[in-house]
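K.L.:
One structure follows; several queries about it will come next.
The values are calculated or read from the model by the stated rules, or taken from the named source; none is laboratory data. Please read these numbers as outputs of a predicted model, since none were measured by experiment. Cβ: placed from backbone, ideal geometry, glycine included. Neighbour counts: every protein chain shown. For accessibility, only protein heavy atoms count, side chains too; no ligands or nucleic acids. Shrake-Rupley method; radii C 1.70, N 1.55, O 1.52, S 1.80 Å.
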Amino acid sequence: MASKQKNMTPQQQKYQQLQQKHELKRPVLKNCIKAFWVGGLICVVGQAISYFYIYFFHFTEQNVGNPTVATMVFLSMLLTGFGVYDRLGQFAGAGSAVPVTGFGNAVISAAIEHRTEGFVLGVGGNMFKLAGSVILFGVFSAFVVALIKTLLGMWGVL
Amino acid sequence: MLKGHQSWVFNNRPMISATGVSGGPFEANGNLANDFDILHEDLWMGMDSYEKAQRVLLEEAVRTTLAKAKMEKEQIEFLFAGDLINQITPTSFAARTMQIPYFGLFGACSTSMEGLALASFVVNYQGARNVLTGASSHNAATEKQFRYPTEYGGQKPPTAQWTVTGAGVGLITQNVPGEHQPVTTSATIGRVIDMGLSDPFNMGGAMAPAAADTIMAHFRDMELDPSHYDLILTGDLGRIGQDTTFELLIKSGLKIERKLFQDCGLLLYKDDQPVQAGGSGAGCSATVLYGHILNQMKKGLYKRILVVATGALLSPLSFQQKESIPCIAHAVAIEMNEEGR
Amino acid sequence: MLAMFFWAFVVGGLICVIGQLLFDVAKLTPGHTLSLLVVAGAILDGFGLYEPLVDFAGAGATIPITSFGNSLVHGAMQDAEKHGLIGVLTGMFQVTSSGISAAIIFGFIGALIFKPKG
Amino acid sequence: MVYIIRLMVIASMILMSSCNQVQTERDSQMALMKTTNPNPIVTEKNNGQDKVEDIEKKVSGFNEIYDVAVVKGKEATLVVYKVKHMQRFNMKKIEKDLNKTLEENYPKENFTVSSDYKIFLEAVRLIEKKKDGSYSDKQADKRLNEILKMTSDMK
């Protein structure tokens with residue numbers, strides 16, 4: 001950010017100061033409270049679903065995550081398809097984007113949106129245009145972390 | 001006739017003899033629904049893609065204009081139009097349907113005034129008798145291309161703007177003295193101004209300096225005072241951009257009354273519609289000018305107005321490559337034709 | 001069990017607040033924010049801190065996207081224990097596969113049955 | 001409308017394919033909610049009831065633990081427990097300590113220790129069935145081995 005500032009002419013900097021004055025501020029505190037509530041509630045729903053699977057199906061606490069996540073993504077598909085999730089997202093911000101339902105929403109909304117370009121080039125090609133970076137950085141950082149841990153383990157440090 | 005550095009004066013006073021305006025469901029719930037000729041309940045306009053829907057909007061606006069003017073499309077010499085989707089394909093495809101000789105324009109949201117200025121210039125110098133000019137935009141098509149999928153639950157900050165679903169078209173003809181119609185009298189073509197802003201969710205702030213630059217150039221070139229106009233109307237600056245532009249103009253010494261300085265993007269929607277900082281898009285200035293504002297002029301509310309449409313010349317690629325947002329603004333002065341001459 | 005729900009709510013909510021702060025204060029795009037959280041989850045698991053959080057908060061820790069990084073590391077480590085270094089590569093998706101495959105499958109089903117509402 | 005119908009078909013297919021193992025039992029229904037502390041059981045007659053009760057006392061002695069179920073089978077003994085919520089951060093350590101304590105006190109026994117709710121639930125269900133006589137010793141032992149297999153699967 002600092003280097004960006006330096007590249008600007010004094011005129012640009014002066015204007016940006018003036019513009020800042022008029023810029024509508026994001027209601028950070030209000031947004032955080034909304035994100036907390038909605039995000040928390042989504043997790044509570046997730047918890048309820050996982051207890052449901054523990055109780056009625058053959059899942060232990062350790063592996064109940066898989067069906068829970070799949071169910072949450074399914075719910076996210078319904079909400080996305082009926083046009084509810086984008087409204088929820090405008091209200092809750094990170095509260096609906098950070099839970100796995102937000103990941104599902106990113107994939108599903110892109111898939112639905114690009115249906116008009118066909119199933120191969122449209123849906124197939126664009127499905128991960130938003131969520132792809134999450135997978136990329138998740139996988140790569142996990143690779144690095146696991147590699148370091150394994151190597152340290154092999155050398156007997158850990 | 002060139003006047004000053006970057007302005008044209010249209011001595012023959014080309015006339016906006018008919019207009020056509022179409023809009024989508026969100027506009028139907030807005031403030032100016034009565035000034036639209038055609039309003040759609042369905043965001044898809046019965047088509048199977050949003051891009052096709054935008055094409056339909058423009059085609060309908062053209063057809064309405066022709067119907068009002070009682071003209072056939074063969075009588076139109078040229079079409080000056082544009083939009084901001086994928087190499088302006090919605091407009092070009094609509095032009096394919098209409099078979100009118102066609103200039104495709106790209107000036108982002110300033111396209112409407114770029115088209116009106118050029119059309120007026122051509123008509124003024126007898127380059128044509130009848131010219132159509134217009135612009136269109138579609139909310140979902142624009143979101144899809146420039147932002148996120150429409151169903152994606154991203155949170156828009158309060159600085160974001162809502163792209164208008166709609167098309168506005170005007171028919172520019174030779175002046176018929178005495179006819180009660182608006183005429184164009186001058187135009188100022190803007191420079192590309194870049195103040196280094198790069199937030200695509202704050203277009204108003206990025207476009208404000210371009211608007212201010214063009215407005216100042218207009219008054220300098222035309223040797224006029226702001227009091228010459230009853231209304232100075234900006235295209236889609238929204239709340240932030242408009243306030244900023246106003247401050248820039250006041251600082252430069254122009255005396256403008258705040259309430260005579262309005263913005264299409266703020267007129268179009270009701271306060272309770274979730275448009276954040278206001279409406280935007282190529283269709284914003286086109287629908288509001290060719291619909292609401294010209295209707296009001298004909299009713300006698302305004303005699304002389306200056307319309308300044310601003311455009312942000314970015315692409316989805318350029319902002320991902322961390323480029324700042326260059327902006328442009330074009331101004332056209334519109335008056336009511338003098339009566340009984 | 002009620003305590004579990006309570007802490008799932010609080011911890012899940014707090015992770016979302018971190019995300020919201022990244023949106024609003026750091027002005028990051030959703031893509032950047034979610035990528036950052038996933039990386040944070042992977043690193044926390046590297047230090048062995050994420051698993052206790054899952055024990056404590058249940059879905060509050062497994063539903064936010066941070067758990068994605070955590071379970072990727074877990075899968076990789078599980079296989080690494082069995083097969084050595086090569087396991088880091090092969091085991092990566094062992095634990096996480098459900099989230100991604102659910103997203104792909106439901107995404108495609110969604111594309112089959114829904115139209116965007118705008 | 002067409003979409004909604006198609007959707008309902010898919011949803012009901014998913015529900016139908018998965019809802020066939022639902023089984024309800026009486027007291028174990030609340031096993032996740034409240035403290036049950038069921039009496040420990042053995043699957044062999046007249047053999048070791050004292051011992052399992054002793055084991056349960058020992059485990060209950062842990063400060064962090066508030067609910068214990070013990071099932072002793074022919075070969076292995078299952079010890080399931082719940083950890084006080086604020087101690088759940090230290091689950092790994094508690095499990096280790098518990099294992100150590102049990103090994104030291106009962107070196108001959110083959111213990112499986114778990115804090116998993118699912119295992120706890122299944123253990124409570126087993127104990128109930130054993131008590132009301134719907135499971136014979138043999139059946140109970142078989143069921144215990146199934147539960148033990150479940151715990152080893154998740155590691």
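K.L.:
Consider segment B:217-255. How many of its residues are farther than 17 Å from B:Gly205 by Cα and more than 14 Å from chain A (Cβ to nearest Cβ)?
P.N.:
Step one: of segment B:217-255, the residues farther than 17 Å from B:Gly205 by Cα are B:217-232, B:252-255.
Now restrict to residues that are more than 14 Å from chain A (Cβ to nearest Cβ): B:217-232, B:253-255.
Going through segment B:217-255 one residue at a time, the tally reaches 19.
K.L.:
Here is a check on your reading of the model: is B:Gly241 at positive phi and open to solvent by less than 40 Å² (accessible area, probe 1.4 Å)?
P.N.:
Against the criterion (at positive phi and open to solvent by less than 40 Å² (accessible area, probe 1.4 Å)), B:Gly241 does not qualify.
K.L.:
Working only within segment B:258-286, note down all residues that are in contact with a strand residue (DSSP E or B) (Cβ under 7 Å, 6 or more places away or on another chain), assigned to a loop (DSSP other than H, G, I, E, B) and surrounded by fewer than 24 Cβ atoms within 10 Å (Cβ to Cβ).
P.N.:
Result: B:Tyr269, single match.
K.L.:
Being in contact (Cβ under 8 Å) with a residue 40 or more places away in the chain and either more than 22 Å from the chain's Cα centre (by Cα) or buried (at least 23 other Cβ atoms within 10 Å of the Cβ) (or both) is the filter here, so list the residues in segment B:222-238 that pass it.
P.N.:
Listed by number, the residues that qualify are B:Glu223, B:Tyr229, B:Ile232, B:Leu233, B:Thr234, B:Gly235, B:Asp236, B:Leu237, B:Gly238.
K.L.:
Next question. Could you tell me which of the residues B:Gly241, B:Gly168, B:Gly196 is in a loop (DSSP other than H, G, I, E, B), of a type outside the set (D, E, K, R) and touching a helix residue (DSSP H, G or I) at 6+ places or on another chain (Cβ under 8 Å)?
P.N.:
Just a single option satisfies the conditions, and that option is B:Gly196.
K.L.:
Here is a follow-up. With respect to C:Ile18, is the statement that it is within 7 Å of another protein chain (Cβ to nearest Cβ) and either open to solvent by 70 Å² or more (accessible area, probe 1.4 Å) or at pLDDT 90 or above (or both) true?
P.N.:
It is false that C:Ile18 is within 7 Å of another protein chain (Cβ to nearest Cβ) and either open to solvent by 70 Å² or more (accessible area, probe 1.4 Å) or at pLDDT 90 or above (or both).
K.L.:
Within segment D:13-70, which residues are more than 14 Å from chain C (Cβ to nearest Cβ), open to solvent by less than 50 Å² (accessible area, probe 1.4 Å), part of a loop (DSSP other than H, G, I, E, B) and modelled with pLDDT of 65 or more?
P.N.:
Selection gives D:Pro38, D:Pro40, D:Thr43, D:Gly48, D:Phe62.
K.L.:
On to the next question. Is it the case that some residue within segment B:253-262 is touching a residue at least 24 places away in the same chain (Cβ under 8 Å), over 16 Å from the mean Cα position of the chain (by Cα) and farther than 25 Å from B:Ser227 by Cα?
P.N.:
no
K.L.:
All but one of (1) under 23 Å from C:Leu72 (Cα atoms); (2) surrounded by fewer than 24 Cβ atoms within 10 Å (Cβ to Cβ); (3) in contact with a Ser or Thr (Cβ under 6 Å, 6 or more places away or on another chain) hold for A:Phe74; state the number of the condition that does not hold.
P.N.:
All conditions are met except number (3).
K.L.:
Let me ask something additional. How about segment A:110-134: which of its residues are part of a helix (DSSP H, G or I), open to solvent by less than 30 Å² (accessible area, probe 1.4 Å) and more than 25 Å from B:Leu43 (Cα to Cα)?
P.N.:
Across segment A:110-134, the qualifying residues are A:Gly132, A:Val134.
K.L.:
Then there's this: Being open to solvent by 10 Å² or more (accessible area, probe 1.4 Å) and either at the interface with chain A (Cβ under 7 Å from one of its Cβ atoms) or under 19 Å from A:Ile148 (Cα atoms) (or both) is the requirement here; does C:Leu2 meet it? Give the steps one after another, and end with the answer.
P.N.:
Working: open to solvent by 10 Å² or more (accessible area, probe 1.4 Å): yes; either at the interface with chain A (Cβ under 7 Å from one of its Cβ atoms) or under 19 Å from A:Ile148 (Cα atoms) (or both): no.
Judged against the criteria, C:Leu2 is not a match.
K.L.:
Could I ask something else about it? Filter segment A:81-98 for residues that are in a helix (DSSP H, G or I) and more than 7 Å from chain B (Cβ to nearest Cβ); which is nearest to C:Ile63 (Cα to Cα)?
P.N.:
The selected residue is A:Gly95.
K.L.:
Can I ask one more? For segment B:132-165, what are the residues that are part of a helix (DSSP H, G or I), buried (at least 24 other Cβ atoms within 10 Å of the Cβ) and in contact with a Pro (Cβ under 7 Å, 6 or more places away or on another chain)?
P.N.:
Result: B:Ala140, single match.
K.L.:
Separate question: Of all the helices (runs of 4 or more DSSP H) wholly in segment A:1-62, which have at least 1 residues that are more than 30 Å from A:Val73 (Cα to Cα) and without any contact (Cβ under 8 Å) to a residue 24 or more places away in the chain?
P.N.:
Answer list for segment A:1-62: A:2-6, A:10-22.
K.L.:
Still on this structure, please answer the following. What are the residues in segment C:46-60 that are within 11 Å of chain A (Cβ to nearest Cβ), among the hydrophobic types (A, V, I, L, M, F, W, C) and open to solvent by 10 Å² or more (accessible area, probe 1.4 Å), if any?
P.N.:
Answer for segment C:46-60, where residues must be within 11 Å of chain A (Cβ to nearest Cβ), among the hydrophobic types (A, V, I, L, M, F, W, C) and open to solvent by 10 Å² or more (accessible area, probe 1.4 Å): C:Phe47, C:Val54.
Results for (1) within 7 Å of chain A (Cβ to nearest Cβ); (2) over 16 Å from A:Val107 (Cβ atoms); (3) in contact (Cβ under 8 Å) with a residue 12 or more places away in the chain, shown as yes or no for each residue.
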| position | (1), (2), (3) |
| --- | --- |
| C:Ile65 | yes, no, yes |
| C:Asn70 | no, yes, yes |
| C:Asp79 | no, yes, yes |
| C:Ile86 | no, yes, no |
| C:Gly99 | yes, no, yes |
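K.L.:
Now a separate question. Give segment B:174-187 a look and list any residue that's among the polar types (S, T, N, Q) and open to solvent by less than 10 Å² (accessible area, probe 1.4 Å), or say none.
P.N.:
Selection gives B:Thr184, B:Ser186.
K.L.:
List the residue pairs whose Cβ atoms are under 8 Å apart, where the first residue sits in segment B:290-304 and is within 18 Å of B:His228 (Cβ to Cβ), the second is part of a helix (DSSP H, G or I) and open to solvent by 10 Å² or more (accessible area, probe 1.4 Å), and the two are 6 or more positions apart or on different chains.
P.N.:
B:Tyr302/B:Gln296; B:Arg304/B:His228
K.L.:
Somewhere in segment C:5-15, is a residue under 29 Å from A:Val28 (Cα atoms), more than 7 Å from chain A (Cβ to nearest Cβ) and in contact with a Ser or Thr (Cβ under 9 Å, 6 or more places away or on another chain)?
P.N.:
no
K.L.:
Still on this structure: For A:Phe91, indicate whether it is assigned by TED's automatic domain parsing to the domain that holds A:Val123, surrounded by fewer than 22 Cβ atoms within 10 Å (Cβ to Cβ) and within 29 Å of B:Ile325 (Cβ to Cβ).
P.N.:
So A:Phe91 passes the test.
K.L.:
Can you name the condition, by its number, that A:Lys34 falls short on among (1) among the basic types (Lys, Arg); (2) in contact with a Pro (Cβ under 8 Å, 6 or more places away or on another chain); (3) crowded, with 16+ Cβ neighbours inside 10 Å?
P.N.:
(2)
K.L.:
Cβ-Cβ distance below 7 Å, separation of 6 or more or different chains: which pairs start in segment A:67-84 with a residue that is within 10 Å of C:Gly99 (Cα to Cα) and end on one that is open to solvent by less than 30 Å² (accessible area, probe 1.4 Å) and not in a helix (DSSP H, G or I)?
P.N.:
That search, which allows pairs on different chains as well, returns A:Met72/C:Ile63.
K.L.:
I would also like to ask the following. Residues that are within 14 Å of the chain's Cα centre (by Cα) and open to solvent by less than 20 Å² (accessible area, probe 1.4 Å): does segment C:24-31 have at least one?
P.N.:
no
K.L.:
When only residues in segment A:120-134 that are more than 7 Å from chain C (Cβ to nearest Cβ) and either of a type in the set (Lys, Arg) or farther than 14 Å from B:Tyr152 by Cβ (or both) count, which is nearest to the chain's Cα centre (by Cα)?
P.N.:
Step by step, filter segment A:120-134, then rank; the result is A:Lys129.
K.L.:
Quick check: is even one residue across segment A:52-62 at the interface with another protein chain (Cβ under 8 Å from one of its Cβ atoms), open to solvent by less than 30 Å² (accessible area, probe 1.4 Å), within 19 Å of C:Gly12 (Cβ to Cβ) and not hydroxyl-bearing (Ser, Thr, Tyr)?
P.N.:
Checking segment A:52-62: at least one residue is at the interface with another protein chain (Cβ under 8 Å from one of its Cβ atoms), open to solvent by less than 30 Å² (accessible area, probe 1.4 Å), within 19 Å of C:Gly12 (Cβ to Cβ) and not hydroxyl-bearing (Ser, Thr, Tyr).
K.L.:
Going through segment C:34-45 one residue at a time, which ones are more than 7 Å from chain A (Cβ to nearest Cβ) and surrounded by fewer than 23 Cβ atoms within 10 Å (Cβ to Cβ)?
P.N.:
C:Leu36, C:Ala40, C:Leu44
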